[in-house]
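Have a look at the structure below, then the notes.
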Amino acid sequence: MNYELRSMNNEQSTISYANRLSSPICQPIITFIMQNEPNFRKSQMNVNNVLTTDYEKKTLGERRKNEPKTNPNEPNLSRRSRIKANFKPYHAKMGHNELKCVDRLGQLTLNLKNQKGSVLIMKKLWVNAVPYNKEIAISALESGAQALVLTDGDSGKVRQFGKIKTVEKNGDIKPGVDVEFIDIAGKADEDKAAAVQPEKIVVLKMLDWTIIPIENLLARRRKNIMVQVQTSQQAKLMAEILEKGVDGVVLNTTDINEIKKTAEIIHGITEKVALVTATITATKQLGMGDRSCLDTCTQMTVGQGILVGNTAAGFFLVHSESIENPYVASRPFRVNAGAVHAYTLVVGGKTKYLADLKAGDEVLLVDFQGSSETAYLGRNKIEKRPMILVEAEAQGELISLVLQNAETIRLVSPRGGAISITSLKPGDKVLGHIEKAGRHFGMQVDETLIEK
């Protein structure tokens, strides 16, 4: 979690912002800062009316995260406490947390970012086509590979028969600029890979095929690590190493069947979404509203759908229209997702408004066991329909969603069955997903946020 404090340059102006620090948003942050005691210097900031009634509930230490390793003095904050600190440009590390103090723009703000949460990132598959092999390139394209590694200048050959990213000096992904290829033979090579800029992709070639350097680099870099492999079995091992796995593999083979096998493995490995059992508390018939019907490019099965919610704190698993009924034919590629204002959870741990989704966008399909896969939207049909509000409770949190009021709209039961929303009653059990952090432009942030 990163904290960024921006303060005014003089004491008098800073006092005018004291009331902001007494808000519920700032309250646990001030307490956290005081118990870790960063060494701010000289100039002062006066803060009055700091409330501490929720200290026990909100301290990170209670959750057994980022506990100080020393024995700091207990903060003694009364209702009229005065905290003296210098907010010159300063950067202090507290375990896995960082505190950044920036003196700018004459105002005090808090910027919080959560580095954890349910971030869903699909594995990448690149295929090596050096020297150029048309059959390998076509097979990679047809198998859904994200990129082809080519000899410099060969991108034009590939684009004659399909659109796929290319890795070469004139391609979409440029070696030395976007990606570094590094042979790993010893500790010095591992250190070299760890030192590459975090935003660059590192592709490792294990000269003696040892696992330990890859595990070390996963711990040191944590992201943007790919490994060259020769077989689908090696690809599976790399994608699952240390549970998290590398971000993807570069397959070196001339066997078209091996490309297909590897693609099935890589595309089949997805991160689990933590589902919870929610208890229906109420339903309420509403009037007319705009609802969003998502038609994907994937045929879904029973027990599979999309996570949608009125707020970013809680989502229902809305079932696909894969159930036969006597009135209309099944549409297994479709999820009648809800009102246009609702959020849906997408790949990368982000959310999107249903109204913003359009053809070609990625959507996240989830089944009743929490397995997920990426699908692509073919269209988003927004039409006026009668609406209904569904509310439930899970783990002490409220989940709610406005949906079209029709018997063909269903939620998913804990056993994977489909429950029509028109038959829901208090006490019924359905599947949902809880998010503890708030959202800012679809990104997860750990802050105090109230949505009703």
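Just so you know, all these numbers are worked out from the coordinates, no wet-lab data involved. What you see is a predicted model, and the numbers here were worked out from it, not measured in a lab. Positions of Cβ are generated from backbone atoms using ideal geometry, with glycine treated the same way; all protein chains shown enter the neighbour counts.
Projected label points at residue 369 and residue 220, each 7 Å from Cα along the beta carbon direction, are separated by 3.7 nanometres. For GluC sites (Glu not before Pro), the sites in the stretch 314-396 that DSSP calls loop and that have at most 11 other Cβ atoms within 10 Å are 324. When you filter the chymotrypsin sites (Phe, Trp or Tyr not before Pro) in the stretch 317-425 for DSSP loop state and at most 16 other Cβ atoms inside 10 Å of their Cβ, you are left with 327.
List the pairs from 169/261; 358/381; 200/261; 157/261; 223/244 whose alpha-carbon separation is above 21 Å, in the order I gave them. Display every interim value, and only then the final one.
Details: 169/261 29 Å; 358/381 9 Å; 200/261 28 Å; 157/261 25 Å; 223/244 10 Å.
Violating the 21 Å Cα-Cα cut-off are 169/261; 200/261; 157/261.
Rounded to 0.05, the FRET efficiency of the residue 279 and residue 231 pair, given R0 = 45 Å and the Cβ-Cβ distance, is 0.40.
Stretched out straight at 0.36 nm per residue, the stretch from residue 353 to residue 141 would grow longer than its current Cα-Cα span by 73.2 nm.
When only the Cβ of Lys, Arg, Asp and Glu is charged (+1, +1, -1, -1), the dipole of the stretch 312-446 relative to its Cα centre reaches about 300 debye.
What net charge do the residues around residue 376 carry, taking every other residue with its C-beta under 10 Å from that of residue 376, with Lys and Arg at +1 and Asp and Glu at -1?
Numbers: positive: none; negative: 361, 362.
Taking every Cβ under 10 Å from that of residue 376, the sum is -2.
Which of the trypsin sites (Lys or Arg not before Pro) found in the stretch 320-403 are loop residues per DSSP with 11 or fewer other Cβ atoms within 10 Å of their Cβ? Numbers along the way, then the final one.
On the way: sites: 334, 350, 352, 358, 379, 381, 384; in loops: 350, 358.
In loop regions of the stretch 320-403 (DSSP not H, G, I, E or B), the sparsely surrounded trypsin sites (Lys or Arg not before Pro) are 358.
A convex hull fitted to the Cα coordinates of the stretch 276-445 yields 101 cubic angstrom per residue.
Dipole of the stretch 338-447 computed with +1 at Lys/Arg Cβ and -1 at Asp/Glu Cβ about the Cα centre; of 419, 399, 434, farthest Cα towards the positive end is 419.
Full extension of the chain segment joining residue 415 with residue 211 gains 69.6 nm, where the gain is 0.36 nm per residue of separation less the Cα-Cα distance. Extension gain for residue 195-residue 423 works out to 76.3 nm (0.36 nm per residue, less the C-alpha to C-alpha distance).
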